[in-house]
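The values are calculated or read from the model by the stated rules, or taken from the named source; none is laboratory data. Keep in mind that this is a model prediction, so the values were computed, not measured. All Cβ positions, glycine included, derive from the backbone under ideal geometry; neighbour counts span all protein chains shown.
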Amino acid sequence: MTTRGKPSLRAAIKFQVEKFHLDVNLRMDRELVVLFGPSGAGKSLLLRTLAGLLTPSEGRIELGDRVIFDPQRKINIPPQLRQVGYMPQQYALFPHLTVAGNIRYGLFNWQPLERESRLQELLEVMRLDHVVDRFPTEISGGEQQRTALARALAPRPGILLMDEPFAALDEVLREHLRQELLRLQRRYHLPILLVTHNLVEAYTLADRVVIFQDGRITQEGSRDDVFRRPDTPQIAKLMAMDNVIGVPIQEHTSVGIHINWWGQQVLLEGQFSESFGDKLTIGIRPEDIMIVRKENKPLRQDRDIFFEGRITVDQARGFDHQLTFSITAPASEEAELIVRIPHPIFLRMDLQLEAVRTLAIRPSVVHIFTP
Amino acid sequence: MNSFLIPLLLSIRVASVATLLALALGIPAAAALSRKHRLISNILDAVANLPLVLPPTVLGYYLLVFLGTRSPFGAILENMGIRLTFTWYGASIAAALVAFPLIVQSTRAALEAVDPTLEDVARTLGRSNFNIFLTISLPLAWQGVLAGTMLAFSRALGEFGATLLVAGNIPGSTQTLPIAIYDAVQSGNQDLANSMALILTITAIILLFLIRRLAQGVNRQ
């Protein structure tokens, strides 16, 4: 029997819960897929549905070679038999059982010898040997998270569903445990569907990102696809592509599109088959905009687009600064660009409020939204 | 001295058996009620709380009619050589019926306080719902069950109306402490009534104190 070629999970489900409508078509292989979306989009609902804890109104779910839900064929495998590892938010560890008791819980029908060797294996992989006999309230947040992970993995599920697994941890620990999860996934090639609304998490973990809004998938692709080429301005906002600008089109030729960007003639190269009308919506990631040093006069022969702006807002965010520039030249209208730069660069460039700087944008980083 | 020892020991025996009976029926009832099937839950809820609202004499009367030798059920028992009315078994059943809602309410509240996500995770780990009830829900609700048990025991210990109707007032056989107090007052034996009332009062205070401690323990978690 070949498992290659067959996706690990194929789900097409429709689900109406009161006023909320879930309509999802999802396919995944032995990869880590991040389900990313704002709170209240129905991400947790989708996980619970896949686990069999909720029953959708229609659709079909396949896990590996098995059909686990298909109302037309009267199939609705209960959660007990789905072999789905489920890690809910806040882990839901059994408070009256020890770490070992929690991990053993799903191994109740194993042979005692196998059960104990599986337990030892997981304790070792998850580095939990030192807390075997402690209760969940007596261990650290990171240990709780690893215990929940070990418990979910113990019966060797066909897929792992994780709901905000890092949300309850501090930033340093979070980064560390993310790397651990990645290592684990690479080692066992376990399909993992992970829910998060943390952008950094989505980017660092995902083989593939699935954007989820209002109960449906609005875009999916590689992480760079969704980060650099969001389908809509709304997704761009979710992906922290903060500069979304409408510009009039002057000419659409075989070389590209000529636009009038705040009074500047700019050519965005490329073949576009779509007809854009007379207006183009473009997006630029704040970290893709360069601030040109005072002493370095911008070189016009570079293909960069230059704007001159005055800093109106400086938002320090620990690792970086988010600066809002009011564009003063060449435009006369009210225009703004948001720029993110790392903290040390911010310090060296002598940037205070009201400082006027030249901003450089490479045309290749300008994303064009197709209508 | 001996005149209240016999009713006291009988009372403890009746209340213990009644509490066990009420537990055996009350825990499954509470489990059924804590599920969220609305219609079934509402009907069961009304039935379970009926003994709290009805006067004990009414309960006792129903039990007498139902268990008595002239009822079909009583006749069957009679043929098997079992007699419930006017025996301490009957007194236990009467006390169990009165104590039943206390177990149900307390257990139900404790079961509903158990995080349903724990049960969800347990299901994805392959355990049956009944198994989850025994290994997760009930162990996490034990304080509530215990509090209910103590309340039920104190209530069963003090049962009067239903017991009198079902089991009568037979010294040494069905004359429990509350009935013996009634008897002593009727026959003008004030001293005996005083000491027996004192025993019941002290027992009740101790039990209430323990329940209170238990509730504080739950809150601290």
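In table form, for the structure just shown:
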{"quantity": "Failed item in (1) more than 14 Å from chain B (Cβ to nearest Cβ); (2) part of a helix (DSSP H, G or I), with A:PHE212 passing the rest", "calculated": "(2)"}
{"quantity": "Unmet requirement for A:GLU201, which otherwise passes all of (1) surrounded by 19 or more Cβ atoms within 10 Å (Cβ to Cβ); (2) touching a Ser or Thr at 6+ places or on another chain (Cβ under 7 Å); (3) more than 14 Å from chain B (Cβ to nearest Cβ)", "calculated": "(2)"}
{"quantity": "Residue list for segment A:150-187, restricted to those being of a type in the set (D, E, K, R) and either over 21 Å from A:LEU97 (Cα atoms) or surrounded by fewer than 17 Cβ atoms within 10 Å (Cβ to Cβ) (or both)", "calculated": "A:ARG156, A:ASP163, A:GLU164, A:ASP170, A:GLU171, A:ARG174, A:GLU175, A:ARG178, A:GLU180, A:ARG183, A:ARG186, A:ARG187"}
{"quantity": "Test: residue in segment B:63-73 that is touching a Leu at 6+ places or on another chain (Cβ under 6 Å) and not polar (S, T, N, Q)", "calculated": "yes"}
{"quantity": "Residue in segment B:85-94 that is nearest to the other protein chains (Cβ to nearest Cβ), counting only those that are in a helix (DSSP H, G or I) and out of contact with any Ser or Thr (no Cβ under 6 Å at 6 or more places or on another chain)", "calculated": "B:SER92"}
{"quantity": "Qualifying residue in segment B:143-161 (condition: assigned to a helix (DSSP H, G or I), among the hydrophobic types (A, V, I, L, M, F, W, C) and at the interface with another protein chain (Cβ under 10 Å from one of its Cβ atoms))", "calculated": "no"}
{"quantity": "Total residues in segment A:140-149, condition of a type in the set (Gly, Ala, Ser) and surrounded by 24 or more Cβ atoms within 10 Å (Cβ to Cβ)", "calculated": "1"}
{"quantity": "Looking only at segment B:16-55, and only at residues there that are surrounded by 12 or more Cβ atoms within 10 Å (Cβ to Cβ) and in a loop (DSSP other than H, G, I, E, B), the one that is modelled with the lowest pLDDT", "calculated": "B:ARG35"}
{"quantity": "Set A:ILE282, A:ILE259, A:ILE245, A:ILE217: member being in a strand (DSSP E or B) and farther than 30 Å from A:VAL313 by Cα", "calculated": "A:ILE217"}
{"quantity": "Segment B:105-141 - residue that is assigned to a loop (DSSP other than H, G, I, E, B) and surrounded by fewer than 21 Cβ atoms within 10 Å (Cβ to Cβ) and, of those, nearest to the other protein chains (Cβ to nearest Cβ)", "calculated": "B:GLY126"}
{"quantity": "Single condition B:LEU151 does not satisfy, out of (1) modelled with pLDDT of 95 or more; (2) closer than 20 Å to B:LEU33 by Cβ", "calculated": "(1)"}
{"quantity": "Criterion (more than 14 Å from chain B (Cβ to nearest Cβ), part of a helix (DSSP H, G or I) and under 20 Å from the mean Cα position of the chain (by Cα)) met by exactly one of A:LEU46, A:LEU22, A:LEU35, A:LEU50", "calculated": "A:LEU46"}
{"quantity": "Hits in segment A:132-182 - residues which are within 26 Å of A:PHE319 (Cα to Cα) and in contact with a strand residue (DSSP E or B) (Cβ under 7 Å, 6 or more places away or on another chain)", "calculated": "A:GLU164, A:PRO165"}
{"quantity": "Test for A:LEU9: is it closer than 23 Å to A:ARG187 by Cα, out of contact with any His (no Cβ under 9 Å at 6 or more places or on another chain), within 13 Å of chain B (Cβ to nearest Cβ) and aliphatic (A, V, I, L, M)", "calculated": "no"}
{"quantity": "Contacts under 7 angstrom Cβ, first residue in segment B:175-198 being in a helix (DSSP H, G or I), partner crowded, with 16+ Cβ neighbours inside 10 Å and of a type in the set (Asp, Glu), 6 or more apart", "calculated": "B:PRO178/B:GLU159"}
{"quantity": "Residues that are hydrophobic (A, V, I, L, M, F, W, C) and touching a residue at least 60 places away in the same chain (Cβ under 8 Å), drawn from segment A:56-71", "calculated": "A:LEU63"}
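Residue-wise test of (1) touching a Pro at 6+ places or on another chain (Cβ under 8 Å); (2) touching a residue at least 24 places away in the same chain (Cβ under 8 Å); (3) not aliphatic (A, V, I, L, M).
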residue: A:LEU81; (1), (2), (3): no, no, no
residue: A:LEU93; (1), (2), (3): yes, yes, no
residue: A:GLY106; (1), (2), (3): yes, yes, yes
residue: A:ARG115; (1), (2), (3): no, no, yes
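Per-residue answers, yes or no, for (1) free of Cβ contacts under 8 Å to residues at least 40 places away in the same chain; (2) farther than 19 Å from A:GLU274 by Cα:
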{"site": "A:ASP214", "(1), (2)": "no, yes"}
{"site": "A:GLU220", "(1), (2)": "yes, yes"}
{"site": "A:GLN234", "(1), (2)": "yes, yes"}
{"site": "A:MET239", "(1), (2)": "no, yes"}
{"site": "A:GLN250", "(1), (2)": "yes, no"}
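Residue-wise test of (1) of a type in the set (Phe, Trp, Tyr); (2) on the phi < 0 side of the Ramachandran plot.
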position	(1), (2)
B:PHE130	yes, yes
B:LEU134	no, yes
B:GLY168	no, no
B:ILE181	no, yes
B:ASN194	no, yes
B:ARG212	no, yes
